[in-house]
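Inspection log for the structure reproduced underneath, given as structure tokens.
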């Protein structure tokens, strides 16, 4: 077929023959070379239409049969060159009903006529396929002068596909809602669609030849040009590249999302870049709004989780700043009214808005720059005030936020002064500032700042109320504890009380721990340590009620087990209505509380009071101590030269449980022994089990001979790591005992002479003790008590004088009838003995003993603040 073009070119008999032969020759000459990989004469550039159309050709000899068959013809018709050469094309490809007509056309062609038409064809063979070909037939002349023809064939299906593709491409390019550009290899616009032109002005043709620098400013144009070169060189597409710029005639910054991909020719050669862009300015604005809303919600959520975790004013203010800096602003400060900080019930007058405030918190993400509206930096903890005409003072007066504009040359760009309002009360002011370069505060930011300040204000107000109530509770609790170091006969006493968390410095909630030292008749002392379960004001009040009940019951001189039994009944009645008001009244108060406890009431756990308590009575004369325990930790005893040990005192049930009796244990304490009573806060915490704490406590009592104050400090320092959230009450007593020469003890027979003998014993012992000023009074009162024992008592009589800080006289007998004081009439000869005892003594009373009763009186020593009444005056006052 390489000869056909030459022959066709030389023939000039038919108009258009030379043109058609040249075209066929070009395609036919190029086709074998391209398909065989040999040399190729390429007139049109790669990617021309011939690469898409795939033109095939063959020639027909004078006999009307195929004499040459191209490779493209083999591909189109599916017949090899060996089979095709010599075939009658009419018989081979034309349908039988069209063959007669085809023969006539072939005769006309061989007669020298050109013909163009569309011919349906069928490939040979049983499985031949049907097709439609557009054929261009051009007559030729052979070297022998005979007539032939050259046929150029194109598959109509390929043409239709190309037409469809072109139409679709034109529709997509022209009708696309995106800005569509075709950029060539020189990064110049080759074609633009209407959408792009409507954005940047002019007609689509006006943008031909432009570059990205004609649309975008530097350095955005350089960034986009670099992206175009990268796509052209690597072939890697770029999707959703954000481009920022301006459109002609507008100062509004626009945002586009651009997709870039490389465009290739039919042979795969890169010929340019396709640009598809869409305006996302509104979408970006909506995204910013959504992001701001999410940020605000996150800030509010963070504020809810982080603000108000403590009941401390300063800590709550710092928690607010930890949330807003730097997430919301660059600098922030909180100022609270000084009056509220000092515990005032109501905020100060806000008429002028210039009340004193204290800077309680400050935070900065940049530097300690002063806020707008203030003359200079304010240190945390400093007390200051805002001037009357300042925006901050106005915000405090009106309870409305104020915007403070920036000052020239300053670091701050804008500031929001937001009053902190809780329950319609302004408690302070929060200031939020942003530095230059940051986004200005908007309405959304203003609303968020108000919400954050309001949340913090409620927490701060709660902390303020808690501080006030906590201080009241502490005052109540400490008022119920013994003031200073109490004194007791025959005991050296030291005590400690620490509220919970005092070691960590965190605010503590008052608890129900208490201790008490109660002086009893006969130079005896009651030592009490207790713990009401629970915390808070209710526990403190319950502690006070039980402590008062203990003192009341102790004055009745009941045995320790009986005291705890009565306390148990009282604790059960504390939750009953009016139980507390009836529990401690004289004249049947204990019985009323007991009945209240037994009355049915609704089961409300919040009304149940449970407490542990250990009650010990020490007799300084015998140095014996009687213990009773209600669910409390055991006392610890340290004897001289011996290791510390925990006394085996039956614990019993806690107070308020009821139903179980309490047992007593009596222990003789040697001189110099150390007795320790304590609450569980000393030995138990979340980090250390109780057994470990008890062993540590016992181990800390290694040197009991040291002064008691030093021993207490040593114990607390040693057990510091064991101290948890609970209160600590520690009561230590060193046994001194009453010296033998300070005790006078006589047994008297039951006969009248014993009265005079008792006076003689008393006089002689008082003179020995050099207490002559008390002789007359003591003789008179001893005479009265012994006389009553003879008249109303039973069995032998025992007289005992005890000298310590006061003089105590005791008269014992076996009778069970308690003496009762009555007022004698003027005509009565007797009945004035106990009245006289009451007039002349500092105190008197009676108590039951295991084998009868004891009547006693007490006289102050000479030189004491309380003086003794003259006996003569006392006698005259009775008549």
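The values are calculated or read from the model by the stated rules, or taken from the named source; none is laboratory data. As the structure is a computational prediction, the values presented were derived from the model and not from experiment. Ideal geometry is used to build each Cβ from the backbone, glycine not excepted, and the neighbour counts take in all protein chains shown.
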Problem - Test: residue 494 is touching a helix residue (DSSP H, G or I) at 6+ places or on another chain (Cβ under 8 Å), at pLDDT 85 or above and under 21 Å from residue 669 (Cβ atoms) - result: yes
Problem - Residue check, residue 211 outside the structural domain of residue 58 (by TED's automatic domain parsing) and over 59 Å from the mean Cα position of the chain (by Cα) - result: no
Exercise for the section: Quick one: in the range 373-386, of everything that is closer than 23 Å to residue 413 by Cβ and surrounded by 13 or more Cβ atoms within 10 Å (Cβ to Cβ), which residue is modelled with the highest pLDDT? Expected result: 386
Handout entry: Test: residue 765 is touching a residue at least 24 places away in the same chain (Cβ under 8 Å), in the same structural domain as residue 850 (by TED's automatic domain parsing) and farther than 24 Å from residue 817 by Cα
Key = yes
Fill in the blank from the handout: Of (1) more than 47 Å from the chain's Cα centre (by Cα); (2) under 17 Å from residue 273 (Cα atoms); (3) assigned by TED's automatic domain parsing to the domain that holds residue 271, residue 170 fails just (3)
Problem - Odd one out for residue 398, checked against (1) in contact with a strand residue (DSSP E or B) (Cβ under 9 Å, 6 or more places away or on another chain); (2) modelled with pLDDT under 90; (3) surrounded by 15 or more Cβ atoms within 10 Å (Cβ to Cβ); (4) within 19 Å of residue 336 (Cα to Cα) - result: (3)
Exercise for the section: Identify the single condition in (1) surrounded by 20 or more Cβ atoms within 10 Å (Cβ to Cβ); (2) in contact with a helix residue (DSSP H, G or I) (Cβ under 9 Å, 6 or more places away or on another chain); (3) modelled with pLDDT of 90 or more that residue 637 does not satisfy, given that it satisfies every other one. Expected result: (2)
Problem - Odd one out for residue 205, checked against (1) surrounded by 15 or more Cβ atoms within 10 Å (Cβ to Cβ); (2) more than 30 Å from residue 91 (Cβ to Cβ) - result: (1)
Exercise for the section: Check whether at least one residue in the range 427-439 is modelled with pLDDT under 90 and closer than 30 Å to residue 679 by Cα, and report yes or no. Expected result: no
Exercise for the section: Considering every residue within the range 443-464, establish whether at least one is within 30 Å of residue 547 (Cα to Cα), modelled with pLDDT under 85 and either touching a strand residue (DSSP E or B) at 6+ places or on another chain (Cβ under 7 Å) or not assigned by TED's automatic domain parsing to the domain that holds residue 550 (or both). Expected result: yes
Problem - Considering residues of the range 293-312 that are modelled with pLDDT under 85 and not in a helix (DSSP H, G or I) only, the residue nearest to residue 456 (Cα to Cα) - result: 308
Completion exercise
Every listed condition ((1) assigned by TED's automatic domain parsing to the domain that holds residue 73; (2) over 30 Å from residue 132 (Cα atoms)) holds for residue 184 save (1)
Practice task
Would you mention how many residues in the range 268-287 are exposed (fewer than 11 other Cβ atoms within 10 Å of the Cβ) and either at pLDDT below 85 or under 31 Å from the mean Cα position of the chain (by Cα) (or both)?
Solution key: 1
Handout entry: Which numbered condition residue 242 misses (of (1) surrounded by fewer than 13 Cβ atoms within 10 Å (Cβ to Cβ); (2) more than 44 Å from the chain's Cα centre (by Cα); (3) modelled with pLDDT of 90 or more)
Key = (2)
Completion exercise
If you go through 228, 187, the only one that is closer than 30 Å to residue 268 by Cβ and touching a helix residue (DSSP H, G or I) at 6+ places or on another chain (Cβ under 6 Å) is 187
Fill in the blank from the handout: Here the residues within the range 418-440 that are in contact with a helix residue (DSSP H, G or I) (Cβ under 8 Å, 6 or more places away or on another chain) and either more than 15 Å from residue 334 (Cα to Cα) or part of a loop (DSSP other than H, G, I, E, B) (or both) are 423, 425
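To keep it simple, each residue is scored yes or no on (1) assigned by TED's automatic domain parsing to the domain that holds residue 70; (2) at pLDDT 80 or above; (3) in contact with a helix residue (DSSP H, G or I) (Cβ under 9 Å, 6 or more places away or on another chain).
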position	(1), (2), (3)
99	yes, yes, yes
102	yes, yes, yes
114	yes, yes, yes
123	yes, no, yes
135	yes, yes, no
142	yes, yes, yes
151	yes, yes, yes
155	yes, yes, yes
166	no, no, no
Handout entry: Members of the range 791-817 that are more than 18 Å from residue 861 (Cα to Cα) and touching a helix residue (DSSP H, G or I) at 6+ places or on another chain (Cβ under 7 Å)
Key = 797, 799, 811, 813, 815, 817
Practice task
State all residues of the range 238-257 that are closer than 17 Å to residue 212 by Cα and assigned to a loop (DSSP other than H, G, I, E, B); if no residue qualifies, say none.
Solution key: 246, 247, 248, 253
Problem - Residue identified as at positive phi, surrounded by 21 or more Cβ atoms within 10 Å (Cβ to Cβ) and touching a residue at least 40 places away in the same chain (Cβ under 8 Å) among 737, 656, 681, 672 - result: 656
